[in-house]
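Chemist: One structure coming up, written as structure tokens, with questions to follow.
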Amino acid sequence: MKNVYPSLFFLFTTLISFGQSQIQGTVKNATDQAPVDGAIIYVVELDKGAVSNAQGQYSLNGIGAGSYHLQVSYLGFAPVIKEVSIINAKDDTIDFELSPRPFVMDEIVVSSAFLDEQRDNVYKIDVLNKDNMQREGAVTIMDMIEDVLGVDAVTTGPLVSRPVIRGLSGNRVLTVVDGSRFETQQWDDEHGLGVNELGVDHIEIIKGPASLLYGPEAIGGVIRLVEEKPAAVGTREGQASATLFSNNLGARANVGVKEAKENFNWGVNALGRLLSDYFYNGYDFRVPNTRLMEYGGKAYAGVNGKWGSTKLSYLFNKAYYGILDGKDIVKDEDGRIVNIDSLEKEKFPMEIEAPFHAVTDNRISSKTTLLTGASKIDAVLSYQNNHRSENEELSGHKKGYTYVDMVLQTATYDVKWHLPKMENLETIVGIQGMFQKNKNQPGAETLLVPDASIRDFGFLAVAKYNLSGLMLSAGARYDKRWLEAQPYQDEFLTFPDVSRDYDNLSYSVGLNYNLNDALQLRSSFASGYRAPNLNELFANGFKLESQRFERGNIDFEKEYNNQLDVSITYTQADLTLEGAAFLNSIHNFIYLAPTGETVENNLEPGEEVPLYDFLQEDAEIKGFEASLDIHPSSIAWGHLVSRFSTLTGKLKDDSYLPMMSPTRLYNTMYLNLDHISRLEDAFIDIGTETAFKQAQTAENEMNTPAYTLLNAALGGHIKKTEIILSAHNILDKAYLDHMSRFRSYEIISPGLNISLSVKMPLDI
């Protein structure tokens, strides 16, 4: 028997290797033809990569006959992607030339239907590198999204946030993780998105209706967290990072290890985050119960061969979010919050105590690419169990009592067939679907939404035509949703027995035209739809955090929208100028509005509380975005970026929509230096962010004054260790963020926050 296992292993590897070939070549600097040492060459279909050596040479073995996308990237150079065809498993030589781009990067995006370089994509997709978290002093990964024009965040304190894309948020913005939709109970104001940077390489953001590729609820856009690439074949990599924050008196730590063999790769990541209540007014006052404790891990394993590749991933995450309860907010004569319940018993500012949210995520997903000659099939399957409980204050008990306890189970499938390419025409057809069940757990004080199940099915077809400087894209999609809600009644609450179905036909057309070497025009027209969520349909009770009674409407119709986008980009050796305008017409827009009336609190009879109703009306949002990137070719060590965005949202009766982002202006100077003292590859970033006065507000919505914040960062390497010192709101400016739920209580946003980050490779 001892000889059996080696024999089987030999047979297995022989079968895998049979009929396979090698891709090899060199990577050079396009300017001087010098070899590029350390460039990453990645085969997308096989989820497999290599690294060029000191001579710029690379090789990839085990490549079967078929069509592949080879992606090459290296820091300081524009990435390149080539589509190559291997015939009869014959060895092939593929050389690459990379153009130096110290500041401006033409990213390769994966969120589009077709894998393209950014300049060739019909729809502009913004890309954020996860490594910028340390450079920007970001506390969470969602803090980075404001770097994108037209993107903001609704926040409940600095640690709970939901993305806003061109004025739309909540269930109108779809989150995609590892290629499949990420589902959490984030339909309420104080429910955050619930994602973090575990195993993430970068973030891609689509602005505007993206239902064609991703299904319902993407009428505002998509936030896509793209998983990290595997290690290069024959290598094992490890990395650890840690960040300390002054304002929250907290820390974040992250560690990851990955390894790749010829036909197998694996990786593990772990994360921990512990943050206290945040400060404002010169570190002498802490906003009570704005804390967070979070920990989690992710593991994956993948195999590849001439047939394609497959990867299986598992993610676990646990987070405790403190809640600043609206009923406890009392202010002293100096305008500072006196929260007696929290402050009197508080001994350790990071200790989790009621009220708080506890959110647990367990998620397993698979991603497979099957090569079928001139075509390929991509399939993504996932299952997610999201458990959210809310503990409220109870005298003498730090953990309080369970107010709400819900489990959301979601299974999704996404199968796309990339048809054989016909000259300049590429086509994809696919099916998508979701099975979802929301279940209230026994023992909770109340129900916010009923037990319910949702089924989705969608069929899509998209095509791209490339004609010498003109790129055309078009597609259509049909969706159907079935919703079943279970009846419930007690002495305080009633949910009816409801069965609903919604369907929609979505479409999009777009073009990307290079008018000349300097001017590029993009234009698109797209539609999307969203079914009402459970809260909008069934809300019928008191919300502790907001201290209001919310009432839904089970007769709401589907939302659907049409958006027109036009953008133009002017590029020269020394600058890049971009402008974009959009018009979004939304039919049956659902929003929450105060009625001006009071009703009896269903949890505390005899107490009168404000009544808010969900309403439905047509709406329109229009806006303009512009950016200027000055990078003089004669000054290789510095460049300036300026970004501006503005929008207006109105209902059909000409009144303003609530929670619309204010006009914003960002200016940042980037300086790259050889060294500063012992810091090699040093950099200095200095920037300002300005929010203009927001007076375009809904009835009974608070206006917010203008403000400007000053930020800076300094960093570099000491040997292989990267060290970054950053500061946000350096002048400790007292300001009210219009997109913060705390502004209605006139609670100031965080003051000066200094962070120190260290990141180093692990020799393992």
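Chemist: If r is the Cβ-Cβ distance from residue 509 to residue 398 and R0 is 60 Å, what FRET efficiency results, to the nearest 0.05?
Modeler: Once rounded, the FRET efficiency stands at 0.55.
Chemist: Mind checking the dipole of segment 21-101: about its Cα centre, +1 per Lys or Arg Cβ, -1 per Asp or Glu Cβ, Debye to the nearest 20?
Modeler: Details: 5 positive and 9 negative charges, 13 e Å.
Rounded to the nearest 20 debye, it is 60 debye.
Chemist: Can you divide the C-alpha Rg of segment 21-101 by 2.2 N^0.38 Å and report the result to two decimal places? Write down the numbers at each step before the final one.
Modeler: Working: Rg = 12.1 Å, N = 81, 2.2 N^0.38 = 11.7 Å.
In units of the 2.2 N^0.38 Å rule of thumb, it is 1.03.
Chemist: Here is a further query. Starting from the Cα-Cα distance between residue 648 and residue 630, subtract it from 0.36 nm times their residue separation and give me the gain in nm to one decimal. Please report the intermediate quantities before stating the final value.
Modeler: Numbers: separation 18, 0.36 × 18 = 6.48 nm, distance 2.86 nm.
That pair, residue 648 and residue 630, stretches by 3.6 nm at full extension.
Chemist: Here is a follow-up. Tell me, what HN-Hα J-couplings in whole Hz come from the Karplus equation 6.51 cos²θ - 1.76 cosθ + 1.60 at θ = phi - 60° for each residue of segment 723-729, using x for Gly and Pro?
Modeler: 10, 10, 10, 10, 9, 10, 6
Chemist: Quote the FRET efficiency, to the nearest 0.05, computed for residue 415 versus residue 557 with a Förster distance R0 of 22 Å and r equal to the Cβ-Cβ distance. Please report the intermediate quantities before stating the final value.
Modeler: Details: r = 30 Å, r/R0 = 1.36.
The formula returns an efficiency of 0.15 here.
Chemist: If you don't mind, another one. At R0 = 51 Å, how high is the FRET efficiency between residue 482 and residue 33 if r is their beta carbon distance? Nearest 0.05 is fine. Intermediate values should be presented prior to the final figure.
Modeler: Working: r = 61 Å, r/R0 = 1.19.
Rounded to the nearest 0.05, the efficiency is 0.25.
Chemist: Okay, next question. Given charges of +1 on the Cβ of Lys and Arg and -1 on the Cβ of Asp and Glu, with all other atoms neutral, how large is the dipole of the chain about its Cα centre, in debye to the nearest 20?
Modeler: Values: 68 positive and 102 negative charges, 503 e Å.
The calculation lands at about 2420 debye.
Chemist: Put +1 on the Cβ of every Lys and Arg and -1 on every Asp and Glu Cβ in the chain; which of 25, 68, 639 then has its Cα farthest towards the positive end of the dipole?
Modeler: 25
Chemist: Still on this structure, please answer the following. For the chain, what proportion of DSSP beta bridges, expressed in % and rounded to the nearest 5, is antiparallel?
Modeler: Values: 327 of 342 bridges.
If I count the DSSP bridges inside the chain, around 95 percent turn out antiparallel.
Chemist: Need the list of lysines near residue 28 for cross-linking: C-alpha distance under 19 angstrom, and skip anything on the same chain fewer than eight residues off.
Modeler: Excluding near neighbours in sequence, the set is 82.
Chemist: Which loop trypsin sites (Lys or Arg not before Pro) in segment 627-674, with loop taken from DSSP, have no more than 16 other Cβ atoms within 10 angstrom of their Cβ? If you can, show how the numbers build up before the last one.
Modeler: Details: sites: 643, 650, 652, 664; in loops: 652.
Sites meeting the loop and neighbour criteria: 652.
Chemist: Ok, one more. What is the fewest-to-most order of 614, 495 by other Cβ atoms lying within 10 Å of their Cβ?
Modeler: Lowest to highest Cβ neighbour count: 614, 495.
Chemist: A further question on this structure: Less than 10 Å Cβ to Cβ from residue 363, Lys/Arg counted +1 and Asp/Glu -1: what total charge do the surrounding residues give?
Modeler: Values: positive: 298; negative: 178, 183, 361.
Residues near residue 363 contribute -2 overall.
Chemist: Oh, and also: For the pair residue 718/residue 613, report the inter-label distance in nm, with labels modelled 7 Å from Cα in the Cβ direction.
Modeler: Modelled inter-label distance: 6.4 nm.
Chemist: Once you list every other residue whose beta carbon is under 9 Å from the beta carbon of residue 681, what net charge do they have if Lys and Arg are +1 and Asp and Glu are -1? Mind showing how you got there, number by number?
Modeler: Working: positive: none; negative: 674, 680, 722.
With Lys, Arg at +1 and Asp, Glu at -1, the net is -3.
Chemist: Here's another thing I want to ask about it. Could you list, in their original order, any pairs among 318/719; 124/416; 311/399; 306/416; 229/437; 130/398 whose Cα atoms are separated by more than 29 Å? Mind showing how you got there, number by number?
Modeler: On the way: 318/719 35 Å; 124/416 22 Å; 311/399 40 Å; 306/416 19 Å; 229/437 32 Å; 130/398 36 Å.
Flagged as over cut-off: 318/719; 311/399; 229/437; 130/398.
Chemist: Tally Lys and Arg at +1 and Asp and Glu at -1 over the other residues with C-beta under 9 Å from the C-beta of residue 231: what net charge comes out?
Modeler: Values: positive: 229, 236, 258; negative: 237, 259.
So the surrounding residues net to +1.
Chemist: Now for a different question. Let me understand segment 637-743 better: what is its radius of gyration from the alpha carbons, and its Dmax, in angstrom?
Modeler: Answer for segment 637-743, Rg first and Dmax second: 18.8, 62 Å.
Chemist: Using just the Cα positions, wrap the chain in a convex hull and report its mean projected area in square nanometres, one decimal place.
Modeler: Values: hull surface 138.6 nm².
Convex hull of Cα atoms, orientation-averaged projection: 34.6 nm².
Chemist: Counting other beta carbons within 10 Å of each residue's own, what order do 146, 83, 491 fall into, fewest first? Walk me through the numbers on the way to the answer.
Modeler: On the way: 146 22, 83 12, 491 7.
Fewest-to-most Cβ neighbours within 10 Å comes out as 491, 83, 146.
Chemist: Relative to the longest principal axis of the C-alpha atoms of the chain, give the angle of the C-alpha long axis of helix 4-17, reported between 0 and 90° and rounded to the nearest 10°.
Modeler: That works out to roughly 80 degrees.
Chemist: Roughly speaking, what % of Cα-Cα pairs in segment 561-646 are separated by over 15 Å, rounded to a whole number?
Modeler: Numbers: 2674 of 3655 pairs.
That tail contains 73 percent of the Cα-Cα pairs.
Chemist: Report the label-to-label distance for residue 706 and residue 686 in nanometres (one decimal), using points 7 Å from each Cα along the Cα→Cβ vector.
Modeler: 2.2
Chemist: Reachable lysines from residue 693, Cα under 21 Å, same-chain residues fewer than 8 places away excluded?
Modeler: Leaving aside lysines fewer than 8 places away in the same chain, those within reach of residue 693 are 622, 650, 733.
Chemist: Tell me the relative contact order for the chain as a rounded percent, counting alpha carbon contacts under 8 Å between residues six or more apart.
Modeler: Details: 2159 pairs, mean separation 73.8, N = 764.
So the answer I get is 10 percent.
Chemist: Okay, next question. Across segment 689-699, in residue order, what do the Karplus-derived ³J(HN,Hα) couplings come to in whole Hz, using 6.51 cos²θ - 1.76 cosθ + 1.60 with θ = phi - 60° and x for Gly and Pro?
Modeler: These are the phi-based 3J(HN,Hα) values: 10, 10, 10, 7, 4, 9, 10, 8, 10, 6, 4 Hz.
Chemist: List every residue whose amide H lies under 5 Å from the amide H of residue 545, counting only residues 5 or more places away in sequence or on a different chain, with H placed 1.01 Å from N in the peptide plane.
Modeler: none
Chemist: OK, next. Explain nothing, just compute: Karplus ³J(HN,Hα) = 6.51 cos²θ - 1.76 cosθ + 1.60, θ = phi - 60°, for every residue of segment 596-610 in order, whole Hz, x for Gly and Pro.
Modeler: For segment 596-610, the Karplus curve yields x, 9, 10, 9, 6, 5, 5, 9, 9, x, x, 8, 8, 9, x Hz.
Chemist: In segment 239-325, what chymotrypsin sites (Phe, Trp or Tyr not before Pro) fall in a loop by DSSP, with at most 13 other Cβ atoms inside 10 Å? Kindly include the intermediate steps, with their values, before the conclusion.
Modeler: Working: sites: 245, 264, 266, 278, 279, 280, 283, 285, 295, 300, 307, 314, 316, 320, 321; in loops: 278, 283, 307.
Counting only loop positions with at most 13 other Cβ atoms within 10 Å, the chymotrypsin sites (Phe, Trp or Tyr not before Pro) in segment 239-325 are 283.
Chemist: Short version: what are the Cα gyration tensor semi-axes of segment 495-614, square root of 5 times each eigenvalue, largest first, in whole Å?
Modeler: Values: eigenvalues 416, 76, 17 Å².
They are 46, 19, 9 Å, listed from largest to smallest.
Chemist: How long are the semi-axes of the equivalent ellipsoid of segment 339-495, defined as square roots of 5 times the Cα gyration tensor eigenvalues? Whole Å, largest first.
Modeler: On the way: eigenvalues 454, 84, 39 Å².
Three semi-axes, in Å: 48, 21, 14.
Chemist: Let me ask another. So for 677, 161, fewest C-beta neighbours within 10 Å to most, what's the order? Mind dumping the intermediate values first?
Modeler: Working: 677 8, 161 24.
By the 10 Å Cβ count, ascending, the order reads 677, 161.
Chemist: Still on this structure, I have one more. Taking H placed 1.01 Å from N in the peptide plane, check which residues at least 5 places from residue 167 or on another chain put their amide H under 5 Å from its amide H.
Modeler: Sorted by chain and number, the residues that satisfy this are 661.
Chemist: Now, a different point. Near the amide H of residue 488, under 5 Å away, which other amide H atoms are found, from residues 5 or more places off or on another chain, if H is placed in the peptide plane?
Modeler: Distant-sequence amide H within range of residue 488: 495.
Chemist: Here's another thing I want to ask about it. Picking from 40, 593, 385, whose Cα lies most toward the positive end of the charge dipole for the chain (charges on Cβ: Lys, Arg +1; Asp, Glu -1)?
Modeler: The listed residue farthest towards the positive side: 40.
Computed from the coordinates by the stated procedures, all read-outs in this text should not be read as laboratory data. Nothing here was measured: the structure is a model prediction, and the numbers come from that model. All Cβ positions, glycine included, derive from the backbone under ideal geometry; neighbour counts span all protein chains shown.
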